[in-house]
Amino acid sequence: MRPGGDGHDAAGDIFFACPSSLRIDRQAGVRPSVRQWFYAATAAVQAVMLRTALGFFVSFLFCTSNILARGVPDSFAELAANLSPAVVNISTTQAVAERSFDIPEFPPGSPFEDFFREFFDRHRSDQQSRKVTSLGSGFIIDASGYIVTNSHVISDAVEITVLLHDDTTLNARVIGKDSKTDLALLRVETNRRLPFVSFGDSDRVRVGDWVLAIGNPYGLGGSVTAGIISARARDLRNGPYDDFFQTDAAINLGNSGGPLFNTDGQVIGINTAIYSRTGGNIGIGFAIPSNLAGMVVADLRQYGRTRRGRIGVHIQEVTEEIAESLGLAKPGGALVASVLKNSPAAQAGIKAGDVALVFDGHVVEDYRRLPRLVAETPSGKTVEVTVFRGGKERVFHVVIGEMSEGEQQKEGDSRENSSKNGIIGHRGIIKIVELGLTLAPLSTETRRQYTIPEDLHGVVVTSVEVGSDASEKGLYPGDVIVEINQKEVTTLADVKWQIDMAVKSSRKTVLLLISNRGRLRFVPLKLAKK
């Protein structure tokens with residue numbers, strides 16, 4: 001308060017930023033009580049806090065809106081205009097055998113027999129084959145006319161025609177194709193430089209990134225759709241090298257072979273397949289990552305075929321039961337079911353029963369990743385392979401070989417019930433109740449009955465208990481047990497010993513190495529109580 005005057009503060013009425021009902025008016029001549037001061041102060045503090053909180057909340061909303069707005073492009077028009085000239089429509093012509101109709105059967109001597117025979121003979125030659133046309137997409141990767149598309153787009157084609165963005169039509173020839181990754185490389189001959197696009201780094205693609213798909217759906221011509229990456233590393237179980245992007249950008253029939261672009265205008269995928277019950281788009285499309293495509297295309301361009309690395313092993317999944325049987329902390333890696341003789345893996349010291357955990361610095365999270373890693377490694381390179389064996393990790397140095405063109409790598413195993421429904425007249429038959437299996441030694445008689453080669457050693461399954469874990473896991477009479485818990489078994493006594501040891505150790509499962517018609521696989525079996 002200033003001295004003098006009527007005792008009023010020069011600043012006028014004194015109040016806090018509070019509701020008017022709690023205002024303390026000194027002009028009224030009433031001296032406020034302590035309680036009034038307390039209420040007024042409390043209300044003022046609450047009001048300040050409320051104003052601050054509201055201000056922060058509004059600022060947060062605006063900040064969040066700005067963040068979201070910056071992630072959504074205003075338009076893809078400029079990007080589409082720049083990229084579309086490098087995308088082409090592909091039409092193919094195939095010769096398809098026409099179904100020939102059999103002559104109707106008539107009673108002997110029927111007057112219609114000669115008539116229909118003459119009619120069918122006259123028209124049969126014209127109905128044996130016809131030409132059909134298929135449509136797809138592709139994109140130019142080099143100004144001289146190299147074009148990438150899907151292998152299935154040009155499969156069995158006798159003629160391939162490419163329609164450029166300016167409606168120029170050119171004939172194309174196949175430089176090379178790879179059915180395992182569904183990729184093909186074409187080339188068109190032209191005197192002018194063509195617009196082209198480049199591959200980006202698909203390893204940098206994140207779930208949620210914006211993408212553009214450009215292609216030729218239903219033969220309508222260049223169409224642009226936008227969406228995001230919905231998932232990475234999708235495995236469609238179509239082959240050993242499946243590793244797809246999933247996107248919700250509209251992909252339809254005819255888009256196959258077309259590019260999937262990032263917002264920098266780089267090809268980060270090749271549109272290949274859709275998930276649909278009707279054939280139409282439902283927002284689930286799949287694209288081959290550009291890093292895989294780039295390596296395959298480079299091989300096709302240089303050699304006309306793919307050059308893949310090999311180490312010579314058959315592998316299978318490490319399930320929870322197998323992990324427990326081997327002493328692994330958790331499922332993961334690739335279980336080596338068998339090693340080919342004189343293969344790079346065999347020469348390095350890798351054995352059946354090893355679990356590959358790391359290959360050339362890459363963690364093998366899932367068994368299906370190992371074939372991709374091996375295939376991408378150039379032949380002649382020496383790589384470190386970390387395996388789990390006997391409760392500890394070991395490192396082997398493997399010199400990568402090259403997979404031959406005719407070499408077949410079959411996924412899974414096909415098995416047949418090789419039982420002859422006979423009774424083996426051998427006194428050595430024994431039933432292992434814990435496994436639900438009846439076993440017999442490998443004798444001349446059992447080898448002949450189940451067609452088991454002389455160089456295979458173990459014990460043979462003669463019957464499988466219905467409803468047992470062995471039955472559920474697909475064991476059949478004629479299967480040969482080679483190992484139990486990574487220990488060789490050649491006699492029934494060996495089997496009994498291994499099972500007794502497992503029971504005494506309170507193990508819930510045992511791991512069997514099974515041979516069926518020359519194919520090895522590991523099978524974890526739960527130990528049933530007697």
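Taken as a whole, the structure places residue 290 among residues that are under 22 Å from the mean Cα position of the chain (by Cα), at pLDDT 90 or above and under 30 Å from residue 249 (Cβ atoms). Condition first: crowded, with 19+ Cβ neighbours inside 10 Å and either on the phi > 0 side of the Ramachandran plot or part of a strand (DSSP E or B) (or both). Now tell me which residues in the range 358-377 satisfy that. Matches in the range 358-377: 359 only.
Condition test on residue 325, is it farther than 15 Å from residue 524 by Cα and touching a residue at least 60 places away in the same chain (Cβ under 8 Å)? Taking the combined requirement at face value, the residue does not satisfy it. Consider residue 513 carefully, then state whether it is under 16 Å from residue 456 (Cα atoms), in contact (Cβ under 8 Å) with a residue 60 or more places away in the chain, crowded, with 21+ Cβ neighbours inside 10 Å and not basic (Lys, Arg). Criteria met by residue 513. Does at least one position in the range 293-305 carry a residue that is out of contact with any strand residue (DSSP E or B) (no Cβ under 7 Å at 6 or more places or on another chain), closer than 30 Å to residue 335 by Cβ and in contact (Cβ under 8 Å) with a residue 60 or more places away in the chain? Within the range 293-305 (the criterion being out of contact with any strand residue (DSSP E or B) (no Cβ under 7 Å at 6 or more places or on another chain), closer than 30 Å to residue 335 by Cβ and in contact (Cβ under 8 Å) with a residue 60 or more places away in the chain), the answer is yes, since at least one residue qualifies.
Looking across the range 260-312, the residues that are in contact with a helix residue (DSSP H, G or I) (Cβ under 8 Å, 6 or more places away or on another chain) and assigned to a strand (DSSP E or B) come down to 261, 267, 268, 269, 270, 289, 309, 310.
Confirm whether residue 114 is part of a loop (DSSP other than H, G, I, E, B) and either modelled with pLDDT of 90 or more or not aromatic (Phe, Trp, Tyr) (or both). Judged against the criteria, residue 114 is not a match. Pairs, please: C-beta under 6 Å, at least 6 apart or cross-chain, first residue on the phi > 0 side of the Ramachandran plot and in the range 255-268, second assigned to a loop (DSSP other than H, G, I, E, B)? Cβ pairs passing all conditions: 257/150. Note on the range 384-400: residues that are touching a Gly at 6+ places or on another chain (Cβ under 8 Å) and without any contact (Cβ under 8 Å) to a residue 40 or more places away in the chain amount to 2.
Quick check on this structure: which one of 339, 318, 297, 267 is within 23 Å of the chain's Cα centre (by Cα), at pLDDT 85 or above and farther than 30 Å from residue 255 by Cα? On inspection, the qualifying residue turns out to be 318. Hey, among the residues in the range 175-210 that are among the hydrophobic types (A, V, I, L, M, F, W, C) and in a loop (DSSP other than H, G, I, E, B), which one's farthest from residue 268 (Cα to Cα)? The qualifying residue farthest from residue 268 (Cα to Cα) is 194.
Restricting attention to the range 359-392, the residues that are over 25 Å from the mean Cα position of the chain (by Cα), closer than 15 Å to residue 348 by Cα and not polar (S, T, N, Q) add up to 3.
For the condition buried (at least 19 other Cβ atoms within 10 Å of the Cβ) and not in a strand (DSSP E or B), residue 345 qualifies.
For the range 340-366, a residue qualifies if it is within 17 Å of residue 323 (Cα to Cα) and β-branched (Val, Ile, Thr), and the qualifying residues are 355, 358, 363, 364. Is it the case that residue 315 is closer than 21 Å to residue 187 by Cβ, in a strand (DSSP E or B) and touching a strand residue (DSSP E or B) at 6+ places or on another chain (Cβ under 8 Å)? Here the answer is no, as residue 315 does not meet what is asked.
Return yes when residue 290 is surrounded by 24 or more Cβ atoms within 10 Å (Cβ to Cβ) and in the same structural domain as residue 207 (by TED's automatic domain parsing) and no when it is not. Yes, satisfied.
The values are calculated or read from the model by the stated rules, or taken from the named source; none is laboratory data. These figures come from a predicted structure and were not determined experimentally. Here Cβ is always computed from backbone atoms with ideal geometry, including for glycine, and neighbour counts include all displayed protein chains.
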